[in-house]
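Peer 1: Let me give you the structure first, and then I'll get to my questions.
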């Protein structure tokens, strides 16, 4: 099995981190290839960056060949529905995947993301997926995406503090990390806070493997296309 993991922003160090997390999650025999577009925003923080990332993302999808599934490694699930209309192989967004994994281990989850500008996009996605009743709150840690890539950054501690607040105030018993750049933090934060902490990159890889194994892919029917464009 071959899975293409696309980081829709252009920051190569983040793509490398995402690829490592995806490879760690993958089953034996699954090959992970991680790529990012050559053009687009350096990070995706809010709807405007998401729109700017679409041309480069779609170029990567359109030129992909020989893969069994695609993972879009942006927590905003950037371009997810349109991507599913461009290919017949499964396409999984790390946000949607993370929510479903969280709901399998907890009654309610809260999301800890980067900046507050990302909150409306995430909230809209949760509503669209029909999962709002299971979400305690979408929280911003006020850590810029690229701060996660800076050596010596205090981002881990800041995110940990926000998780502590979520567990105290949101009636949540699981945490979803709201950025692909947080993929390497999940195990440590779960051990610190003694709750499930879900990394969407790993969740999406496992879901993609399952879809391929079960031979399930996006419906290409007109009804499905109309639903996604509504």
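The values are calculated or read from the model by the stated rules, or taken from the named source; none is laboratory data. Keep in mind that this is a model prediction, so the values were computed, not measured. Cβ placement follows ideal geometry from the backbone for every residue including glycine, while neighbour counts extend to all protein chains displayed.
Peer 1: Is there any pair with a first residue in the range 123-145 that is in contact (Cβ under 8 Å) with a residue 60 or more places away in the chain and a second that is buried (at least 20 other Cβ atoms within 10 Å of the Cβ) and assigned to a helix (DSSP H, G or I) whose Cβ atoms are under 8 Å apart and which are 6 or more apart or on different chains, and what are they?
Peer 2: Taking only residues 6 or more apart or on different chains, the pairs are 145/14; 145/181.
Peer 1: A further question on this structure: Could we say that residue 112 is touching a residue at least 40 places away in the same chain (Cβ under 8 Å), crowded, with 22+ Cβ neighbours inside 10 Å and either outside the structural domain of residue 148 (by TED's automatic domain parsing) or closer than 30 Å to residue 174 by Cβ (or both) here?
Peer 2: For residue 112, the condition - touching a residue at least 40 places away in the same chain (Cβ under 8 Å), crowded, with 22+ Cβ neighbours inside 10 Å and either outside the structural domain of residue 148 (by TED's automatic domain parsing) or closer than 30 Å to residue 174 by Cβ (or both) - is met.
Peer 1: Let me ask another. Restricting to the range 60-82, what's the tally of residues that are crowded, with 24+ Cβ neighbours inside 10 Å and more than 24 Å from residue 111 (Cα to Cα)?
Peer 2: Total meeting the criteria: 1.
Peer 1: What number of residues within the range 40-49 are surrounded by fewer than 21 Cβ atoms within 10 Å (Cβ to Cβ) and assigned to a helix (DSSP H, G or I)?
Peer 2: 2
Peer 1: Next up: Name every residue in the range 147-196 that is surrounded by 24 or more Cβ atoms within 10 Å (Cβ to Cβ) and not in a helix (DSSP H, G or I), in order of residue number.
Peer 2: Once the filter is applied, which keeps residues that are surrounded by 24 or more Cβ atoms within 10 Å (Cβ to Cβ) and not in a helix (DSSP H, G or I), the range 147-196 yields 172, 174, 175, 176, 177, 178, 179.
Let's see how each residue does on (1) buried (at least 19 other Cβ atoms within 10 Å of the Cβ); (2) more than 25 Å from residue 151 (Cα to Cα); (3) assigned by TED's automatic domain parsing to the domain that holds residue 79:
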{"site": "8", "(1), (2), (3)": "yes, no, yes"}
{"site": "12", "(1), (2), (3)": "no, no, yes"}
{"site": "15", "(1), (2), (3)": "yes, no, yes"}
{"site": "22", "(1), (2), (3)": "yes, no, yes"}
{"site": "26", "(1), (2), (3)": "yes, yes, yes"}
{"site": "32", "(1), (2), (3)": "yes, yes, yes"}
{"site": "35", "(1), (2), (3)": "no, no, yes"}
{"site": "38", "(1), (2), (3)": "no, no, yes"}
